[in-house]
Amino acid sequence: MRDRALRLPLSAAAITAALLTPSAALAQQPWDQGYEVSRPPAVLSLAQQRRKVNAVLAERLEQLLPRLMRECGVQMWIVANREYNEDPVYRTLVPAPVFAARRTTILVFFDRGPEQGVERLTVSRYGLGELYQSAWDGGAKGSVDEQWQRLGELVAERDPANIAVDTSRDWAVADGLSAGLRRELERALGERRDRIVSAERLCVRWFETRTEAELELYPQIVQLARGVIAEAFSSDVITPGVTTTDDVRWWLRQRFQSLGLPVWFHPICDVQRRTTNRDDDRAFFGDSERTIRRGDVLHCDVGIRYLRLCTDTQEMGYVLRAGERDAPAGLQRAMQVGNRWQDLLTASFVAGRTGNEVLAETLRACRSEGIRHSVYTHPLGFVGHAPGPTIGMWDNQGPTPVRGDWPLHADTCYAIEGNVKVQVPEWDNQWVQIGLEQDAVFDGQAVTYLGGRQTRWHLVR
């Protein structure tokens, strides 16, 4: 099939057809919660990625944006930015292969009501394809003053009750309008500048909400990350006594790059090992480089971006000693405690609860079962640490102002992140930290892991 722009309007069936490929069958199977990934699935070519990204964007603009604008009481939304100083939300609104503003690029969304839908305009020198209608014929030779004048005319013609712009004290993704462009915008609006309101809530809801098409894709994206971890925590990569934790970090980075997958943070790999000092932290080696030995407990943290969606994954490995065929029973039990902690956390997800309320309920449930734990779960989507309800912080196991006060909504994704500490009999009851992070979706009723979760140790032989 030739790579060509998708035409609007698109039916749900057409969008689904555009998204599915033979590899997408993986995403359609019912996910067992303990599903283990051994190798990453294939990564699509850039041309194939473009088709998927634009099909998803078409669905979001056609179906999701009108609903969110009405939910947030926004009639007109203006997103203005300049080259090299892009608004974070701009990158989520434009079709591939666009990934930057050109000169001054202005997007305008105007809700004409349920019957006519949301009008999508661009007041810019350069067009954005079929997803947007150009509202300025100044072209490449038009001046920036003419561009702002045209924006003012466009707003006057539509006379919206309010004009939402991206300014926020608390949410970085909703604060993309620069001070200079704010002045130009107010000048262009004239007396209608009094109608300016913050688009903060709209931006957060846009960032956090996932569509049906995105949820078709997300399991494959999570599998990519988990599959590379499975490769890293194996004898294909690690030679005990030779390989260092830094070697594994850079192998992960290089492997993702070879697959054409950008990372949104440098991979982490660290070890814990049995020691005669039973202090909680002495046996845990964080960012410092260590040579990996037999009997070591391994931990990693990786995050990739693919098809405009991010993953965030932490898993555990064990380096077998001579004669061992599996991790010691105490470590296997520790993994089970980690899975139980996940269950108590996800059972606390209730639509309408705030992140702080979910945290409080999880802490209560874990205390009742004697689980020593820490919770630092966060939303996931277009960015790794996405806007939405924060559920604990690694350095704060109490309420988080503002972000923790945001309520849970349906069709939102999370990195179920935290750790438990468990005493291991085979290590003379030394405490071992099990750091787990798996990506999941909350559908308003229950939490489902997008690509399964780790229930068994990765083994290095």
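Taking 0.36 nm per residue of separation and subtracting the current Cα-Cα distance, fully stretching the chain between residue 100 and residue 459 would add 124.9 nm. Distance between the modelled labels on residue 266 and residue 291, one decimal in nanometres: 2.3 nm (7 Å Cα→Cβ projection). The angle separating the long axis of helix 355-368 from the principal Cα axis of greatest extent in the chain is about 10 degrees. Write down the percent of antiparallel bridges among all DSSP beta bridges whose residues are both part of the chain, to the nearest 5. Beta bridges within the chain, antiparallel portion: roughly 85 percent. If R0 is taken as 45 Å, the Cβ-Cβ distance between residue 239 and residue 143 corresponds to a FRET efficiency of 0.10. For the range 29-206, state the average projected area of the convex hull of the C-alpha atoms over all orientations, rounded to one decimal in nm². The Cα convex hull of the range 29-206, projected and averaged over all directions, gives 13.2 nm².
At full extension, residue 367 and residue 67 could sit 104.0 nm farther apart than now, given 0.36 nm per residue minus the alpha carbon distance. Quick check for you: which residues of the range 64-84 have the amide N under 18 Å from the point 7 Å beyond the Cα of residue 195 toward its beta carbon? Counting backbone N atoms under 18 Å from the label point, the list is 69-80. Computed over neighbours whose Cβ is under 12 Å from that of residue 261, the net charge equals +3, Lys and Arg +1, Asp and Glu -1.
Placing a label point 7 Å from the Cα of residue 126 along the Cα-to-Cβ direction, the residues of the range 77-95 whose backbone N falls under 16 Å of that point are 81-87, 90-95. Does anyone have the angle between helix 144-158 and the longest principal axis of the chain? Alpha-carbon axes, 0 to 90°, nearest 10? The angle comes out at about 80 degrees. Rounded to the nearest Hz, the phi-derived 3J(HN,Hα) couplings of the range 94-100 under the Karplus curve 6.51 cos²θ - 1.76 cosθ + 1.60 (θ = phi - 60°) are 9, x, 5, x, 5, 9, 8, where x marks glycine and proline. First check a/c for the range 211-460, with a ≥ b ≥ c the square roots of the eigenvalues of its C-alpha gyration tensor; if it is under 1.5, answer rounded, and if not, answer prolate when a/b is larger than b/c or oblate otherwise. Oblate, since a/c reaches 1.5 and b/c is not below a/b. Projecting the Cα positions of 53, 66, 133 onto the charge dipole of the range 29-206 (unit charges on Cβ atoms of Lys, Arg, Asp and Glu, taken about the Cα centre) puts 53 furthest along the positive direction.
Relative to the longest principal axis of the Cα atoms of the chain, helix 329-347 runs at roughly 30 degrees.
Projecting the Cα atoms of 144, 398, 418 onto the dipole axis of the chain, where Lys and Arg carry +1 and Asp and Glu carry -1 at the beta carbon, places 144 farthest toward the positive end. The alpha carbon radius of gyration of the range 40-83, expressed as a multiple of 2.2 N^0.38 Å, is 1.64. Local charge for residue 336 was computed over the other residues whose Cβ lies under 13 Å away, with Lys and Arg +1 and Asp and Glu -1, and equals +2. Computed extension length for residue 84-residue 215: 44.1 nm, one decimal, from 0.36 nm per residue of separation with the Cα-Cα distance subtracted.
Across all C-alpha atoms in the chain, the radius of gyration and Dmax reach 24.3, 80 Å.
Toward the positive end of the charge dipole of the range 211-460, with +1 on the Cβ of Lys and Arg and -1 on the Cβ of Asp and Glu, the farthest Cα among 459, 446, 385 is that of 459.
Readers should treat all values here as calculations from the given coordinates under stated rules, not as data from a laboratory. Only a predicted model underlies this, so the values are computations on that prediction, with no experimental measurement involved. Quick reminder, even Gly has a Cβ in these numbers, built from the backbone with ideal geometry, and neighbours come from all protein chains shown.
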